[in-house]
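Participant: Take this structure, written in structure tokens, and hold onto it; I'll ask about it next.
The values are calculated or read from the model by the stated rules, or taken from the named source; none is laboratory data. These numbers were taken from a predicted model, which means no experiment stands behind them. Cβ placement follows ideal geometry from the backbone for every residue including glycine, while neighbour counts extend to all protein chains displayed.
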Amino acid sequence: MSNSIPSRPALRQGGTDAYELALDVRGGEVLTAYNAAVIMADKHKTQALAGAKSVKFPAFWNASAEYHIPGQEITGGAIASQDITISPDDKLISSVFVSDVDEALFDVEVRSPYTEAIGRELAEHHDRNVMRTILRAARSGALFTGDTGGTALTNAAFANTATALFDGLSQAKENMDAKRVPVDTQAVYAVLPTAQWYLLARSDRNLNRDYNGGVASIQRHLLTTVDDIQISKSNVANAVFGVNSTSDTSIPSYYRLDATNARGIVFTEYAAASVIVQDVGFQLVDQPEKQGVLMIGRRMVGTRVLRSKCAVELKIA
């Protein structure tokens, strides 16, 4: 009996690697896990970066007005301008080495959960950095002379009182509105750690149909908006709010700050911006000299403050 000739669906025509075409599956799993875990990507400005070392975001201040005297020449006024330069951080990687012996002896296929974990870590790492940047925005000064900077609203009751949190969120939006942030035409977001989110979700105000239109109930806790502010819960925020990262050498120095008293942020998309040199990707490297496979997820991005007055910090002290 002659040997069968197998058809290898993952073998590229003319290639020699029987699993070459399977690599995209792993990459897709990383991207899927990343997209499922990230929450901050669509809540701030992003810009692809190629062929340059940084991106400059332009910013313009207000025009002036004056009363005109008949016959007097109109010469035009000046509008102040600035640019915010954003450079990428070093490349962020997440990697796992899998021994072929372990794969052979273990009774569960490990590559899929490993790739999912890599994608999730890349997403959560980026989310944490964006949240820290928005906190930095809330603590930053004005971009223009005569303008206003970020704001910190302080209330010890933000730690354990739902009513104070509800009022604080609304006050944060009012604060930005007073600073001429166009909160009526731009989406306003809030990100809260899990403790504060559940405090709001369980409150009578959220469950009351007069406040929340009967959307939430005791059986099903939902919290979507407060004063038209889109509320997001993030367990990733638990690693940012209430934490002092000033000595955390695992992150670039720009993102290190003391958020011990922070309990949430309210902001628009113009509070921060990210430049992306290399989006989420995946590499699967066979290492016969080590008798295993190295799985690498990578992304290269940098996030910086854009307009500080578009961010408000909720803090307890």
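Participant: For the range 59-69, does any single residue satisfy the condition of being under 27 Å from SER234 (Cα atoms) and either among the hydroxyl-bearing types (Ser, Thr, Tyr) or touching a strand residue (DSSP E or B) at 6+ places or on another chain (Cβ under 8 Å) (or both)?
Facilitator: No, every residue in the range 59-69 fails to be under 27 Å from SER234 (Cα atoms) and either among the hydroxyl-bearing types (Ser, Thr, Tyr) or touching a strand residue (DSSP E or B) at 6+ places or on another chain (Cβ under 8 Å) (or both).
Participant: Let me ask something additional. Take the residues in the range 91-111 that are part of a helix (DSSP H, G or I) and of a type in the set (A, V, I, L, M), then tell me which one is modelled with the lowest pLDDT.
Facilitator: Across the range 91-111, the extreme among qualifying residues is LEU105.
Participant: Another question, then. Report yes if SER234 is within 21 Å of the chain's Cα centre (by Cα), at pLDDT below 90, surrounded by 13 or more Cβ atoms within 10 Å (Cβ to Cβ) and not β-branched (Val, Ile, Thr), otherwise no. Step through it out loud before you land on a result.
Facilitator: Values: within 21 Å of the chain's Cα centre (by Cα): yes; at pLDDT below 90: yes; surrounded by 13 or more Cβ atoms within 10 Å (Cβ to Cβ): yes; not β-branched (Val, Ile, Thr): yes.
When the stated conditions are applied, SER234 passes them.
Participant: Now for a different question. Hey, can you tell me all the residues within the range 38-73 that are free of Cβ contacts under 8 Å to residues at least 24 places away in the same chain, part of a loop (DSSP other than H, G, I, E, B) and either buried (at least 16 other Cβ atoms within 10 Å of the Cβ) or among the aromatic types (Phe, Trp, Tyr) (or both)?
Facilitator: Within the range 38-73, TYR67 is the sole residue that qualifies.
Participant: Among the residues of the range 258-287, write down those that are more than 16 Å from the chain's Cα centre (by Cα) and assigned to a loop (DSSP other than H, G, I, E, B).
Facilitator: Listed by number, the residues that qualify are ALA259, THR260, ASN261.
Participant: Take ALA117 and decide whether it is modelled with pLDDT under 80 and not β-branched (Val, Ile, Thr).
Facilitator: no
Participant: Every residue in the range 271-281 that is surrounded by 21 or more Cβ atoms within 10 Å (Cβ to Cβ) and either of a type outside the set (A, V, I, L, M, F, W, C) or free of Cβ contacts under 8 Å to residues at least 40 places away in the same chain (or both), please. Give the steps one after another, and end with the answer.
Facilitator: Let us first name the residues in the range 271-281 that are surrounded by 21 or more Cβ atoms within 10 Å (Cβ to Cβ), namely 271-275, 280.
SER274, the sole residue that qualifies.
Participant: Looking only at residues in the range 288-317 that are in a strand (DSSP E or B), modelled with pLDDT of 90 or more and of a type in the set (A, V, I, L, M), which one is surrounded by the fewest Cβ atoms within 10 Å (Cβ to Cβ)?
Facilitator: Only one residue tops the list, namely MET300.
Participant: While we're on this one: Using the structure shown, decide if LEU284 is of a type outside the set (D, E, K, R) and crowded, with 18+ Cβ neighbours inside 10 Å. I'd like the intermediate steps shown before the answer.
Facilitator: Values: of a type outside the set (D, E, K, R): yes; crowded, with 18+ Cβ neighbours inside 10 Å: yes.
Answer is yes for this residue.
Residue by residue, here is whether (1) aromatic (Phe, Trp, Tyr); (2) more than 18 Å from LEU31 (Cα to Cα); (3) in contact with a strand residue (DSSP E or B) (Cβ under 8 Å, 6 or more places away or on another chain); (4) part of a strand (DSSP E or B) holds:
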site	(1), (2), (3), (4)
ASP89	no, yes, yes, no
PRO113	no, no, no, no
ARG120	no, no, no, no
HIS125	no, no, yes, no
ASN129	no, yes, yes, no
ARG132	no, yes, no, no
GLY149	no, yes, no, no
